[in-house]
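Student: Please read through the structure below; I'll follow up with questions.
The values are calculated or read from the model by the stated rules, or taken from the named source; none is laboratory data. Remember, predicted model here, so these are calculated numbers, not experimental data. Cβ sites come from the backbone with ideal geometry, for glycine too, and all protein chains shown count toward neighbours. Ligands, DNA and RNA are stripped out before the accessible areas are found, and what is left, the full protein with its side chains, is counted by its heavy atoms. Shrake-Rupley method; radii C 1.70, N 1.55, O 1.52, S 1.80 Å.
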Amino acid sequence: MASPLAQFEISKLIQLNVGDFDVSFTNSSLVMVLSVVFILTILFFGLKNLKIVPSKIQSLVELSYEFISTMIGDNIGKEGLKYLPFIFTLFFFILIGNLIGMMPLSFTWTSHIIVTFAIAFFIFLAATFIAIFKHGLLKFLGFFAPSGVPKPMLLLLVPIEIISYISRPISLSVRLFANMMAGHTLLKVIGGFVFVLGANSFIIGGVLPLAFLVALTGLEIVIAFLQAYVFAILTCLYINDAIHLH
Amino acid sequence: MNKLFKKIFFFSAYTYSTTIYAESGMPQLDPSSYVSQTFWLILTFVSLFLIINFFFIPKIEKIRILRENKVEDLIKSAERFNAEAKNLKLKTENELQSAKTEIDKRINNLIKKNNELIEKKIKEIDLNLEKRILLTEEQLKEKKNEFIDNVSKYSFEISNIIYYKIVNERNEISSNEFKKLMVENK
């Protein structure tokens, strides 16, 4: 039986080298570019003829904007609105990446740990820098020592806080990567069942796994949205921590 | 249906054949593609971010501000119209009130005038009535006197008739003579 993980394989489409680095255009890059093109197309047509009373596609774009700005307003507050373009880009980039990955025979770039980790690590670094620039290094370090805690407890709490802070990018990236990988692997396994059982029982045996596959595909689409949402909302929370240093 | 199954079969066969030769293990942990993936991620993400940040977000914000202003304008003009309507209502109510008082005044005046007129007429009628009563009384008195004057004449005639019936003889005395006789005998 074929490995269900083979769908995550990176295949080079165009060989490219910059210096010693291999920056080939791969199937992953292709889907990334497709995601960008898709988002830009929707935005372009949505904002082509701006009207006070919006058309359907303009409503879609404006509702997306409102969705993100509400998310930021709820989780960060008014100071967070300057990060709106970033969170908007992040959310829709991941969402469209996840959704394009749901199409048969395409590729899910969000199922690669290096990609999600790169994004999460950038967010982690950015949040840390925002905190240091806004509050100074000392105050930022005070973030790891919660106030109102007896001093001996700090010996225990400060390492825990530091570890939890440092593990943020890891948890953030692994959450998205693992969800996408697990979902697609499961779909592949069930898809294999459809094929094998159907082939061995004159198609009849494949009906049940096929129904299950359809249901799972629906679930995966929900997860695709949910994980993008979780990623964006956790980014909001980290930026909120950086701005307010509770 | 047959077509669908054929399609499913060929799809399965295709995916099967593409994966059957794959190496086992997670491709995600193969570092050979890390640089390329990160490079393309940064390239696509940054370009998407820049385009959204400098081109699309200002557009969305612009239209939202425009809409907000428009809505505000509409609300303001609605408030103005509302105030105008209230003013007009107040004005009409005032006018109605003044018209009502005016009408009341006129009606009262008319009633007063009519009452006066009626009283005057009643007085006139009363006066006329009294005059007539007086006139009638006078006439009655006259008639009475006349009658009284004639009583002796009538009584004489009656007595004459009675006399004739008893005596069966005509009296030759006229009534005036009889009168004189009566007066002399008194």
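Student: Which of the pairs A:82/A:134; B:121/B:141; A:82/B:59 have their Cα atoms more than 20 Å apart in this structure?
Tutor: Going by Cα-Cα distance, B:121/B:141 fall outside the 20 Å limit.
Student: Going toward the positive end of the dipole of segment B:53-96, with +1 on Lys and Arg Cβ and -1 on Asp and Glu Cβ, which of B:81, B:57, B:94 do you reach last?
Tutor: It is B:57, whose Cα lies furthest towards the positive end.
Student: Continuing with the same structure: List the lysines whose alpha-carbon lies under 18 Å from that of residue B:144, not counting same-chain residues fewer than 8 positions away?
Tutor: B:153
Student: Now for a different question. With every protein chain present, what is the per residue accessible area of chain A (1.4 Å probe, Å²)?
Tutor: Heavy-atom SASA per residue in chain A reads 50 Å².
Student: Now for a separate question. Before we go on, tell me the buried accessible area for the B/A pair, both chains summed, 1.4 Å probe, in Å² to the nearest 100.
Tutor: Buried: approximately 4800 Å² between A and B.
Student: Let me ask something additional. What part of the accessible area of the protein assembly as shown, given as a whole %, is carbon or sulfur when the probe is 1.4 angstrom?
Tutor: 67
Student: May I ask you to rank A:32, A:181 by accessible area, largest first, using a 1.4 Å probe over the protein chains only?
Tutor: Largest accessible area first, the residues go A:181, A:32.
Student: Mind giving me the nanometre distance, one decimal, between the label points for residue B:78 and residue A:244, set 7 Å out from Cα along Cα→Cβ?
Tutor: The two pseudo-label positions are separated by 3.4 nm.
Student: What do the square roots of 5 times the Cα gyration tensor eigenvalues come to for segment B:43-185, in whole Å, largest first, as semi-axes of the equivalent ellipsoid?
Tutor: Numbers: eigenvalues 3044, 47, 5 Å².
In descending order, the three semi-axes are 123, 15, 5 Å.
Student: Using a Förster distance of 25 Å, how high is the FRET efficiency between residue B:141 and residue B:166, based on the Cβ-Cβ distance and rounded to 0.05? Intermediate values should be presented prior to the final figure.
Tutor: Values: r = 37 Å, r/R0 = 1.48.
Computed FRET efficiency for residue B:141 and residue B:166 comes out at 0.10.
Student: Next question. Which aspartates and glutamates, if any, have their Cα less than 14 Å from the Cα of residue B:62, not counting same-chain residues under 8 positions apart?
Tutor: Cα-Cα hits under 14 Å: A:62, A:66.
Student: Taking 0.36 nm per intervening residue step and subtracting the Cα-Cα distance, what contour gain separates residue B:100 from residue B:182 on full extension?
Tutor: Result for the pair: 21.0 nm of gain on full extension.
Student: Let's see if you can work this out: charge +1 on each Lys and Arg Cβ, -1 on each Asp and Glu Cβ, no other charges. What is the dipole magnitude of the protein assembly as shown about its Cα centre, in debye to the nearest 20?
Tutor: Dipole magnitude for the protein assembly as shown comes out near 460 debye.
Student: Also: Springs between alpha-carbon atoms under 10 Å, Gaussian network over chain A: tell me which of A:155, A:234, A:90 tops the mean-square fluctuations.
Tutor: A:155
Student: Would you list, by chain and number, the lysines whose Cα falls below 24 Å from the Cα of residue A:12, excluding same-chain residues fewer than 8 positions away?
Tutor: A:188
Student: Moving on. Determine the relative contact order of segment A:4-244: mean sequence separation of Cα pairs under 8 Å and six or more apart, normalised by residue count, in whole percent.
Tutor: 24
Student: A follow-up question, please. Checking the table A:48/B:86; A:51/B:76; B:143/B:179; B:105/B:131 against a 31 Å threshold on Cα-Cα, which pairs fail?
Tutor: As for pairs spanning more than 31 Å Cα to Cα, those are A:48/B:86; B:105/B:131.
Student: A further question on this structure: List the residues whose amide H sits under 5 Å from the amide H of residue A:13, counting only those 5 or more places along or on another chain, with H placed 1.01 Å from N in the peptide plane.
Tutor: So residue A:13 has HN proximity to A:25, A:26, A:27.
Student: Next question. How many Å² of accessible area per residue for segment B:43-185, probe 1.4 Å?
Tutor: Accessible surface, normalised per residue, equals 91 Å².
Student: Per residue, how big is the convex hull of the protein assembly as shown when only Cα atoms are used? Give it in Å³.
Tutor: 537
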